[in-house]
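> My questions will all concern the structure given below.
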Amino acid sequence: MVSRTLAFTGEGLQLAWDAAPALVCAAAMQPGGAAAELSGASPFERLMHIVDRERYLEARRAGGVDTPYERQAGRLYRVFKAYVEASLRAVYPTAASLAADAEMTGFAEGLLRSLSTTAPLVAQPGAGSAGGTHEVVAVRGLPPPQLAELCTCLIATVCERVTAGHEQAGHLAVYAKDVRFCAWRWPVGEARGNKQSAITQAILTSFTFMPMPKLLAAPGSEDDWSHLFGGVAGEEGLRASYADFQRELRALADDFDAYNAAAPTRPFPDGWGLWTNHPALLEVSVNL
């Protein structure tokens, strides 16, 4: 909340602390909650809690954390998930046909093994194929419905990470132009970054500042990537799911615009606009 809506100053931090009791209900302060529920979950359920952002947000709500930001994040994720599910269905009519594609299962397995948060829950090469019945999940041994769900949520989460998860992509300069305003690191005891930090930020920014394609694209514009579906298996279904995806994004953007317009009428701490998950402002960070 501080980095998105309040100044990074003593006054801004004080406002954040003042707002905290209204944002976190008493249930969040109680022991147990979502963490306790996961303690007895199967490895597959624990893995899905990480991969499926919707389950994560539901666990947050169960723990007493339910903010406008997280509600908007959940709505955007559900749009991504519906799009991925429809697109996969256009290519793989059944869960069994998806499970039979070694390239798809290899992609999911390789990505899960490469992420620090999921690697401990995924069987490594030579660890057997007891699909989620022991301490780890063997991706290739999962029943087709579970594998299809895993792939859907994994791809949807990647979509979220390279859009709302990196909403500064293409607009990074404001974060890097002055280490007195925003330093990525600073010496202990100092209130601002030094010259070395400024040089490091400038170099990194020069490689990552390029504008990316917009997530919400006008049909036929340079941001419209439906041309990628030409001549591929399931082309008709892919084009239809993309059109539905864009309509859902537009509806979401309209709702978020209405929420922001009504900000002055809401009491503190909800009297702010939110733009982090706004589809019309997000870019597809293809260089990530």
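> Given the conditions (1) free of Cβ contacts under 8 Å to residues at least 12 places away in the same chain; (2) touching a Ser or Thr at 6+ places or on another chain (Cβ under 7 Å), which single one is not true for Leu238?
Among (1) free of Cβ contacts under 8 Å to residues at least 12 places away in the same chain; (2) touching a Ser or Thr at 6+ places or on another chain (Cβ under 7 Å), Leu238 violates only (1).
> Only residues in segment 262-280 that are outside any helix (DSSP H, G or I) and open to solvent by 50 Å² or more (accessible area, probe 1.4 Å) count as the first member; pair them with residues that are at pLDDT 95 or above and of a type in the set (Phe, Trp, Tyr), Cβ under 8 angstrom, at least 6 apart or cross-chain, and list the lot.
Taking only residues 6 or more apart or on different chains, the pairs are Trp275/Phe256.
> Could you tell me whether any residue of segment 145-152 is at pLDDT 80 or above and over 22 Å from the mean Cα position of the chain (by Cα)?
yes
> With of a type outside the set (Phe, Trp, Tyr), at pLDDT 90 or above and open to solvent by 20 Å² or more (accessible area, probe 1.4 Å) as the only criterion, which of Gly110, Gly128, Gly165 stands out?
On inspection, the qualifying residue turns out to be Gly110.
> Within the bounds of segment 13-23, is there any residue that is outside any helix (DSSP H, G or I), over 18 Å from Leu147 (Cα atoms) and at pLDDT below 95?
For segment 13-23, residues outside any helix (DSSP H, G or I), over 18 Å from Leu147 (Cα atoms) and at pLDDT below 95: absent.
> Determine which member of the set Ala240, Ala218 is outside any helix (DSSP H, G or I) and either out of contact with any helix residue (DSSP H, G or I) (no Cβ under 7 Å at 6 or more places or on another chain) or within 17 Å of His166 (Cβ to Cβ) (or both).
Residue meeting the stated conditions: Ala218.
> Which condition breaks for Pro211 when tested against (1) assigned to a loop (DSSP other than H, G, I, E, B); (2) modelled with pLDDT of 85 or more?
(2)
> Now a separate question. Just to verify a result, which residue in segment 173-200, among those that are touching a Gly at 6+ places or on another chain (Cβ under 9 Å) and within 23 Å of Leu282 (Cβ to Cβ), is most open to solvent (accessible area, probe 1.4 Å)?
Looking at the filtered set, the residue picked out is Trp184.
> Separate question: For Asp101, indicate whether it is open to solvent by less than 60 Å² (accessible area, probe 1.4 Å), more than 23 Å from Asp254 (Cα to Cα) and either under 14 Å from the mean Cα position of the chain (by Cα) or at pLDDT below 95 (or both).
Here the answer is no, as Asp101 does not meet what is asked.
> Additional query: What's the number of the condition Ala258 fails, among (1) modelled with pLDDT of 90 or more; (2) surrounded by 12 or more Cβ atoms within 10 Å (Cβ to Cβ); (3) over 25 Å from Ser87 (Cβ atoms)?
Going through (1) modelled with pLDDT of 90 or more; (2) surrounded by 12 or more Cβ atoms within 10 Å (Cβ to Cβ); (3) over 25 Å from Ser87 (Cβ atoms) one by one, Ala258 breaks only (2).
> Are any residues in segment 204-252 touching a strand residue (DSSP E or B) at 6+ places or on another chain (Cβ under 7 Å) and open to solvent by less than 30 Å² (accessible area, probe 1.4 Å), and if so, which ones?
Those that are touching a strand residue (DSSP E or B) at 6+ places or on another chain (Cβ under 7 Å) and open to solvent by less than 30 Å² (accessible area, probe 1.4 Å): Met212, Leu215.
> Checking Leu274 against (1) of a type outside the set (Gly, Ala, Ser); (2) under 30 Å from Ala90 (Cβ atoms); (3) modelled with pLDDT of 90 or more, which test does it fail?
(2) is the only condition that Leu274 fails.
> Kindly list, by first and then second residue, each pair from a residue in segment 57-75 that is more than 17 Å from Asp254 (Cβ to Cβ) to a residue that is polar (S, T, N, Q), limited to pairs with Cβ atoms under 6 Å and residues at least 6 apart or on different chains.
From segment 57-75, the pairs are Ala73/Asn277.
> Give me a count of the residues in segment 51-76 that are hydroxyl-bearing (Ser, Thr, Tyr) and either over 20 Å from Leu154 (Cβ atoms) or surrounded by fewer than 16 Cβ atoms within 10 Å (Cβ to Cβ) (or both).
Within segment 51-76, residues that are hydroxyl-bearing (Ser, Thr, Tyr) and either over 20 Å from Leu154 (Cβ atoms) or surrounded by fewer than 16 Cβ atoms within 10 Å (Cβ to Cβ) (or both) number 2.
The values are calculated or read from the model by the stated rules, or taken from the named source; none is laboratory data. Because the structure is a prediction, the values reported are computed rather than measured. Because the Cβ atoms are built from the backbone with ideal geometry, glycine has one as well, and the counts that use them run over all protein chains shown. Side chains are part of the model used for accessible areas, which takes the heavy atoms of the whole protein and leaves out ligands, DNA and RNA. Shrake-Rupley method; radii C 1.70, N 1.55, O 1.52, S 1.80 Å.
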